[in-house]
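The values are calculated or read from the model by the stated rules, or taken from the named source; none is laboratory data. Just so you know, these numbers come straight off a predicted model, no measurement behind them. We place every Cβ from the backbone using ideal geometry, glycine too, and count neighbours over all the protein chains shown.
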Amino acid sequence: MTTLAPTKHPLGHRHGTTRSSARPQVAPSVGLLTFNIGAAGEARAAAILKWLLSRDDDAIVLTETTDGAGTTLLAHGLRARGYSVCHTPAARERGVLVASRLAITRDLSDSLAVTLPCRASALLIGSGANRLVLVGVYIPSRDRTGVKIARKRAFIASLLAGLLGLPAAQRPRLVLAGDYNAVARRHEPHLPGFFPWEYGLHDELERIGLRPAHELLRRGEHPHSWIGRTGLGYLYDYVHVGTGLQCGVERCEYLHGPRRQRLSDHAAVAVRLALG
């Protein structure tokens, strides 16, 4: 895991939280974003970077990264803007990049022990009672070939085992974000073309206490983050939060502007999370 030096950023202060006894304290909050960049080359990566830097996210999970010039441009651009960047490039492989403006206390990625290390990153960020574990993940896609099916199934199994292997005290304050390349059983519309173990990924995440942020604040239609050639919507991109953070989900938005601008073929997911 390549980790660029973290930037210290006390939680609570950047949002105007006061310590004065004359006012009630406001719970600190963080803005989290996950976005599939579709293996962007330099030109598209530059446009993605411009969009990212127009926002004010505390932590960013980029999926479908590469070992090429586009991802390198994004890493350097985010670092120049004060983010610490964690990315493990692998030749001829897609992966995940995590950037944080909050202090990185510890890199937990090795403890996940996933079958494809470039596709998962786990960081302990923040300080004191405001710490959380942020796991960025890009689950492999597949076709109908046995090799691709086995590869995806093994990765999912290793990811679930890794999450369960994290210290029990950390799991309530766990945030899992990224592109899962699998929908839930209760997806709307129902999509029957997935294997039971792909639906089971979502079942197991819920069993260990993780809930998708959009369901905690569900209003209106079921969201989608990727649109197929027939116009059918799929929900592939998620932010899941642990039991200790679920009451703090203030906002969850699926941002289709970048998709419509052709920065990617995925929508981004933005979550605002109170940590108090």
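The set of residues from segment 166-179 being touching a helix residue (DSSP H, G or I) at 6+ places or on another chain (Cβ under 8 Å) and either assigned to a loop (DSSP other than H, G, I, E, B) or among the small types (Gly, Ala, Ser) (or both) comprises just one member, 166. Number of residues in segment 126-142 that are at pLDDT 95 or above and either assigned to a helix (DSSP H, G or I) or touching a Ser or Thr at 6+ places or on another chain (Cβ under 8 Å) (or both) equals 5.
Matching residues to (1) closer than 21 Å to residue 75 by Cα; (2) part of a loop (DSSP other than H, G, I, E, B); (3) acidic (Asp, Glu):
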site: 121; (1), (2), (3): yes, no, no
site: 144; (1), (2), (3): no, yes, no
site: 164; (1), (2), (3): no, no, no
site: 181; (1), (2), (3): no, yes, no
site: 198; (1), (2), (3): no, no, yes
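When you scan segment 101-110, do you find a residue that is free of Cβ contacts under 8 Å to residues at least 60 places away in the same chain and polar (S, T, N, Q), even just one? Yes, because at least one residue in segment 101-110 is free of Cβ contacts under 8 Å to residues at least 60 places away in the same chain and polar (S, T, N, Q). For segment 82-106, the set of residues classified as farther than 20 Å from residue 72 by Cα and not hydroxyl-bearing (Ser, Thr, Tyr) consists of 102, 103, 104, 106, listed by residue number. Taking the listed residues 32, 112, 124, 116, the one that is under 20 Å from residue 240 (Cβ atoms), within 15 Å of the chain's Cα centre (by Cα) and surrounded by fewer than 23 Cβ atoms within 10 Å (Cβ to Cβ) is 124, with no other qualifying.
The set of residues from segment 167-191 being of a type in the set (D, E, K, R) and either in contact (Cβ under 8 Å) with a residue 40 or more places away in the chain or crowded, with 22+ Cβ neighbours inside 10 Å (or both) comprises 171, 173, 179.
Within segment 73-109, being in a helix (DSSP H, G or I) and either modelled with pLDDT under 95 or surrounded by 17 or more Cβ atoms within 10 Å (Cβ to Cβ) (or both) holds for 73, 74, 75, 77, 78, 109. If I filter segment 241-264 down to residues being more than 16 Å from the chain's Cα centre (by Cα) and hydrophobic (A, V, I, L, M, F, W, C), which single residue comes out as farthest from residue 122 (Cα to Cα)? Once the filter is applied, the top-ranked residue is 263. When 164, 134 are checked against the criterion of being surrounded by fewer than 17 Cβ atoms within 10 Å (Cβ to Cβ), out of contact with any Pro (no Cβ under 8 Å at 6 or more places or on another chain) and either free of Cβ contacts under 8 Å to residues at least 60 places away in the same chain or of a type outside the set (S, T, N, Q) (or both), a single residue qualifies: 164. Restricting 108, 116 to those that are in contact with a Phe, Trp or Tyr (Cβ under 9 Å, 6 or more places away or on another chain) and on the phi < 0 side of the Ramachandran plot reduces the list to 116. When the criteria are applied in full, residue 238 meets the requirement of being under 13 Å from the mean Cα position of the chain (by Cα) and either farther than 29 Å from residue 170 by Cβ or at pLDDT 95 or above (or both). Residues of segment 227-248 that are surrounded by fewer than 19 Cβ atoms within 10 Å (Cβ to Cβ), outside any loop (DSSP other than H, G, I, E, B) and hydrophobic (A, V, I, L, M, F, W, C): 227, 247. Residues in segment 183-196 that are outside any loop (DSSP other than H, G, I, E, B) and either at positive phi or basic (Lys, Arg) (or both): none. Within segment 249-262, the set of residues being crowded, with 17+ Cβ neighbours inside 10 Å and touching a Leu at 6+ places or on another chain (Cβ under 8 Å) comprises 249, 252.
Checking each residue in segment 137-156 for being of a type in the set (A, V, I, L, M, F, W, C) and touching a residue at least 12 places away in the same chain (Cβ under 8 Å) picks out 137, 139, 149, 154, 155, 156.
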